[in-house]
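Read through the structure below, which is laid out as structure tokens, and then see the notes.
None of the figures in this text is laboratory data; all of them are computed from the coordinates on show. Nothing here was measured: the structure is a model prediction, and the numbers come from that model. Heads up, the Cβs are rebuilt from the backbone with ideal geometry, glycines too, and the neighbour counts pull from every protein chain shown.
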Amino acid sequence: MQNAPLNPVPELYVSYESAQKLKVEAADLVSWDLTPRQICDLELLMNGGFNPLKGFLSEEDYDGVVENMRLADGGLWPMPINLDVSEDFAASIEAGQDIALRDQEGVILATMTVTDNWVPNKAREAEKVFGADDDAHPAVNYLHNHAGKVYLGGPVTGIQQPVHYDFRARRDTPNELRAYFRKLGWRRIVAFQTRNPLHRAHQELTFRAAKEAQANLLIHPVVGMTKPGDVDHFTRVRCYEAVLDKYPASTTTMSLLPLAMRMAGPREAVWHGLIRANYGCTHFIVGRDHAGPGKNSAGEDFYGPYDAQDLFREHQEEMGIEMVDFKHMVWVEDRAQYEPADEIEEGTKVLNISGTELRRRLAEGLDIPEWFSFPEVVKELRRTKPPRSKQGFTVFFTGFSGSGKSTIANALMVKLMEMGGRPVTLLDGDIVRKNLSSELGFSKEHRDLNIRRIGYVASEITKNGGIAICAPIAPYATTRRAVREDIEEFGAFIEVHVATSIEECEKRDRKGLYKLAREGKIKEFTGISDPYDVPANPEIRVETENVDVDNCAHQVILKLEQMGLIAGE
Ligand code: PPS
């Protein structure tokens, strides 16, 4: 195999002077506000990372890519790169029209001449590109539930790079990286793709891969979009910086790749290889289950463990980048070193910590041994993900008006404040309606909006390590589920159903509202003239009839203890 020549790859940017002019002209064009994923795609289109693409795929290119990984001109390209838009926006665009592409702050990054405008067959795209039309696949979920219904295709003219304020010194375009390799005289470069923190096994395997390929090493982590739930890129980059020091001086470098991953296994591996070839690399490490999306909805793997390696091998000649097999490294206790699992004689005692086990140890604040990771890396991970007993969480009470939600929520707040350690905020129904939602009434739409606002505030509190206690009626299960999803991104969500019956609430009628509701003086009153979906699986259900408030609050405390959310020092 030839070494990749390190002359520049074509970019889609115009010169600085033309860009200034174009920017002014583009202000009059119809514009599309790019989604975060489209911004990632556009950056790599413009900087040559997606070379040979000259813009978002035309319908003909898209069809070929979906069907057999080929562009209309026969070139290999495994991943559809489309500008997905709403039906309304698409309907307003005529063939041949130029549009401006803006980032989320409204900055014009590029213009695009729309040559194609079509409604894709998303089920076919899911089957062909991702292997199954199953929403458990993150990219299929994105395709059906987030991506616009219509695709626009056409060439792009680049005005400026998307703005990044983080880790600027570690971001390189393909041509910058090529120039760097040229300057250092690196002719053989093996790239390592990653979306996870690196531990000692990764350091060993990448170092070995570089030695095997007699190449220099590029750690090329993805900082665009990865799999939902991954460690955020800020933390990861701090971890990578620490690992970088462990390689022999001047053998290894790191650069950040603003790619939006699709988790498409085999096709993704080929895509990753083509991108790295554009970045001037000659070799690429492909492992077991490369860019695997996890389990499908039947609990099975989407792809075979070596499908990605097989597909890469089939195309590597044409791609101009060679695959280096990823060696599964394990710690051999007796020899106190990492060795490839397939080279170890039977009966040798080896140690390994799985990703799941690592997450458990981090969540519970347990020991992570030095043979597994570097102390600097573990320190960073612990800083970002403290043990559960130090993370934020949300306790979400739901139940009828007068069920006792507010009283129990107040008692719980006081008990948690007595324990100390984390700030506690009470978002009681009445307080929220006064301060956050004063303009809202009690229609379904307004109640949903009210609960989504509470959920947003609670998710911010949870993210920042506090305890949010919410106590609205929250009558709709779908809205409660949406709030749960928002909050569980950052910490635990404990739904508490205060299960006081409507008869009992009406009997108590503490605010006299039930009487007014019966008389028809208050409309849409929950339980009387408006629905309430009883929670099917709350973390805890408390009965308030014949149980005092203190005891109800204590039941919640016990649940929090059981979930590891509160613990002694
Ligand atoms: S919701 O459905 O979650 O948005 O309701 P919430 O914000 O918790 O507000 C409920 C409080 O508003 C008073 N109230 C009503 N409740 C239900 N239905 C109607 N139509 C209504 N009108 C006013 C009532 O006092 C509720 O307070 P709590 O604390 O639940 O008793």
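Counting only DSSP beta bridges with both residues in segment 16-158, tell me the antiparallel percent, nearest 5. Expressed as a percentage, antiparallel bridges in segment 16-158 total about 85. Here the gap between N551 and T113, fully extended at 0.36 nm per residue and compared with their Cα-Cα distance, gives a gain of 151.0 nm.
Our analysis of the chain gives Rg over Rh at 1.03, with the two radii drawn from alpha carbon positions and Rh computed by the Kirkwood formula. Cross-link check: pairs K390/K559; K405/K511; K405/K559; K122/K444; K444/K507; K23/K54 evaluated at a Cα-Cα cut-off of 21 Å; pairs beyond the cut-off: K122/K444; K444/K507. How would you classify segment 229-377 from its alpha-carbon gyration tensor, with a ≥ b ≥ c the square roots of the eigenvalues: rounded for a/c under 1.5, else prolate if a/b is greater than b/c, otherwise oblate? Rounded. For segment 388-563, the relative contact order works out to 33 percent when only alpha carbon pairs closer than 8 Å and six or more residues apart are counted. In the chain, the DSSP beta bridges split such that about 35 percent are antiparallel, to the nearest 5.
Taking Cα pairs under 8 Å and at least six residues apart, what relative contact order does segment 463-569 come out at, in percent? This gives 30 percent for segment 463-569.
One chain, two ends: A72 and E127. Fully extended at 0.36 nm per residue, the span grows by 17.8 nm beyond their Cα-Cα distance.
Among I81, I451, rank each residue by its count of other Cβ atoms within 10 Å, from fewest to most, as a rough exposure measure. Each step should come with its number before you reach the end.
Working: I81 21, I451 25.
The order, fewest Cβ neighbours first, is I81, I451.
In plain terms, the chain from E489 to I344 could stretch by 48.2 nm, reckoned as 0.36 nm per residue minus the Cα-Cα distance. Exposure proxy shown here: for C281, C40, C239, the number of other Cβ atoms within 10 Å sets the order, fewest to most, as C40, C239, C281. Once the C-beta distance of Q337 and L516 is scaled by a Förster radius of 60 Å, the resulting FRET efficiency is 0.20 to the nearest 0.05.
List the lysines whose Cα lies under 23 Å from the Cα of K211, skipping any in the same chain that are fewer than 8 positions away. Reachable lysines: K183, K246, K327. Once C-alpha pairs closer than 8 Å and six or more residues apart are averaged by separation and normalised to the residue number of the chain, the relative contact order reads 12 percent. Each peptide in 259-266, 484-491, 519-526 was scored by the mean count of other Cβ atoms within 10 Å over its residues; highest first, the order is 259-266, 484-491, 519-526.
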